[in-house]
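See structure below.
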Amino acid sequence: MKEISVMEMAEVSGAYSWDFTDVQSFMSSLASNTLELFGAATVGATMGGATGALIGGKHGGDGGGIFGLGIVGQGIGMIGAGIIGSICFGLYGAVVGWETINKAANTAIEGMINGTIG
């Protein structure tokens, strides 16, 4: 089996680094990985919620009808899609790690700014 190099280790997304040489190194890597996990999950949940709310608000009232009930559909779509987006992207951020979720968040922000997100 091939041993991977340091450069290849840096390219593996979501592969949290662990050091089991001694107790102090293990505790340090545990704290570092825990902070990275929660940071990536928080960024993912925030961006997923914002993106879901934008898309749900935009398309939630598409079939609103003649009586103006589309605004209710937009509100429900905005809240529901925001919650679902937060959960899904929070889990995604926890799984893939900081580097990948940071790229995804930047792509989402650029899409929000230039209007190509939904």
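The values are calculated or read from the model by the stated rules, or taken from the named source; none is laboratory data. Quantities reported herein were computed from a predicted structural model and do not represent experimental measurements. Cβ coordinates were reconstructed from backbone atoms using ideal geometry, including for glycine residues, and neighbour counts include every protein chain displayed.
Observations on the structure shown:
- Every residue from region 84-96 that is closer than 26 Å to GLY61 by Cβ and buried (at least 16 other Cβ atoms within 10 Å of the Cβ): GLY85, SER86, PHE89
- Scope region 53-76; condition farther than 20 Å from ALA108 by Cβ, β-branched (Val, Ile, Thr) and not in a loop (DSSP other than H, G, I, E, B); matching residues: ILE71, VAL72, ILE76
- Of the numbered criteria (1) at pLDDT 90 or above; (2) of a type in the set (Asp, Glu); (3) surrounded by 14 or more Cβ atoms within 10 Å (Cβ to Cβ), the one GLU99 fails is (1).
- Looking only at region 55-74, and only at residues there that are under 19 Å from SER86 (Cα atoms) and free of Cβ contacts under 8 Å to residues at least 60 places away in the same chain, the one that is nearest to the chain's Cα centre (by Cα): GLY56
- Across region 19-33, the number of residues qualifying as exposed (fewer than 12 other Cβ atoms within 10 Å of the Cβ), at pLDDT below 85 and not hydroxyl-bearing (Ser, Thr, Tyr) comes to 1.
- Filter result for GLY39 (assigned to a helix (DSSP H, G or I), on the phi < 0 side of the Ramachandran plot and surrounded by 16 or more Cβ atoms within 10 Å (Cβ to Cβ)): yes
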